[in-house]
Structures are given as structure tokens and as C-alpha cells.
1. Where the only charges are on Cβ atoms (+1 Lys, Arg; -1 Asp, Glu), what is the dipole of segment 102-186 about its Cα centre, to the nearest 20 debye?
2. Report the gain in length on full extension from VAL180 to GLN41: 0.36 nm times residue separation, minus Cα-Cα distance, nm rounded to one decimal.
3. With +1 assigned to the C-beta of every Lys and Arg and -1 to the C-beta of every Asp and Glu, and no other charges, what is the dipole magnitude of segment 26-182 about the Cα centre in debye, to the nearest 20?
4. What is the Rg over Rh value, at two decimals, for segment 26-182, using alpha-carbon atoms and the Kirkwood definition of Rh?
5. Return the aspartates and glutamates within reach of LYS92: Cα separation strictly under 16 angstrom, same-chain partners fewer than 8 residues apart disregarded; answer none if there are no such residues.
6. Hey, with R₀ at 45 Å, roughly what FRET efficiency would GLU163 and GLN72 work out to, going by the Cβ-Cβ distance, to 0.05?
7. Restrict the search to segment 52-96; then list the chymotrypsin sites (Phe, Trp or Tyr not before Pro) that DSSP places in a loop and that have at most 10 other Cβ atoms within 10 Å of their Cβ.
8. Counting pairwise Cα distances across segment 99-186, what percent come out greater than 21 angstrom?
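Read-outs: derived from the displayed coordinates by stated rules, not from any lab. The shown structure was predicted, so the numbers you read here are calculated from the model rather than taken from an experiment. Note that each Cβ is placed from the backbone with ideal geometry, even for glycine, and that neighbours are counted across all protein chains shown.
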Amino acid sequence: MVSKTLIPALIMACTSGAAVAAEQCTQAVLVEPEKRAEVLQSVREAESAQAARGHTNQMWEIWATAPDAYAQELLDEGLDRREAYDFEGAIKAFDALVDYCPTYAEGYNQRAFIRFMQQDYAPALTDLDAAIARAPDHFAAIAAKALTLMGLGRNGEAKTALEAALALNPWLPERGLMAVLENQDI
């Protein structure tokens, strides 16, 4: 049985030319690099966690803006599925997004998040590395990499990843884990 949320996407694919799904997106970054750098600097220079939150939300808007309408539909479908705890459906949507738009970091990051939640750490780490390679400023993906490495028991690498994430955003909630990692025998 096909879910009601997939019906519009299927109709669109069938009527507007299935060629859309067969092609790949052409551009992975819609926001000008200067704007990304400006928002990232605002996050780093914020005077408090509360002040940083607004700038962090701006970064999430940048990361969650897909390169085209079809990629955005796939991202939104995956996020909706995740929110409904339909992790299998979310993975399928993010798989389709990564296949369609392999240069778009957020597809990998969101798929990694599902895998992390399922404690499937090795594939999550692979996806996080792919996301970070495509968006080196993605401090959330870098922090998630630290958490994933902790899940794998690789605390020395986790500490290094967390340091990199905190260099981009010193206000990350995960900053409290640094003391834990520093006090472990790694």
C-alpha cells in the first residue's frame, strides 16, 4: 500500500516526466559563500548560547535549503518520516536524495542521524564523513561525528572531531562532552 504522503510525489514523477528523478541536481550550494561565512562568523562571535541560537538557526536554514524543488521534496519527505518515527521511510527518502543529489551534504547528514538513532554507527560515520566533505562548515555534522565515534568507542577521534566542531561553533550543546572526553584514558 502506498502512503498518502507519497502519492503526490509519485503523481508528479509520472506526470511531469520521470526524467526528473533520473537526472541529478546541478548545484549543491544555493547560498552564496559570503553569506554562509557571515552567518558562521556570527555564530562563532556570539556572546552567549542564547545569542548564538538565532545564528545557528540561520545555518540550519542554509543547510536545509535543497538545490532544487525535487531535492527539497525528498528532504522534506525524509524529515516528515523521521518525525513520525518511520525510520525505514526516512532512510528511503534520504537514499533517494543522495542518489539524486550526491553533492548535497544535508542528505548524508540526515541519513546519518537516522542511522545514529538506530545505533548503526559505522554507516552513520560514513554518511557524516560524506556530509563534512561536501560542507566543511557543517558544525552539526562534525559534532554528530564526535557522538558517533563515541558510540564506536573511538574517544580520541571523538575528541578531535568535537574540538573541530567547537572551533566553528563554541556554543554547541555537545561542548559539555569535552570534559568527559578529556578525562578519559584515550
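1. Using Cβ point charges on Lys, Arg, Asp and Glu, segment 102-186 gives about 120 debye.
2. Result for the pair: 47.3 nm of gain on full extension.
3. That gives segment 26-182 a dipole magnitude of about 460 debye.
4. Across segment 26-182, the Cα-based Rg/Rh ratio is 0.96.
5. By straight Cα distance, LYS92 reaches GLU73, ASP76, GLU77, ASP80, GLU83, GLU106, ASP120, ASP127.
6. 0.85
7. TYR85
8. 25 percent
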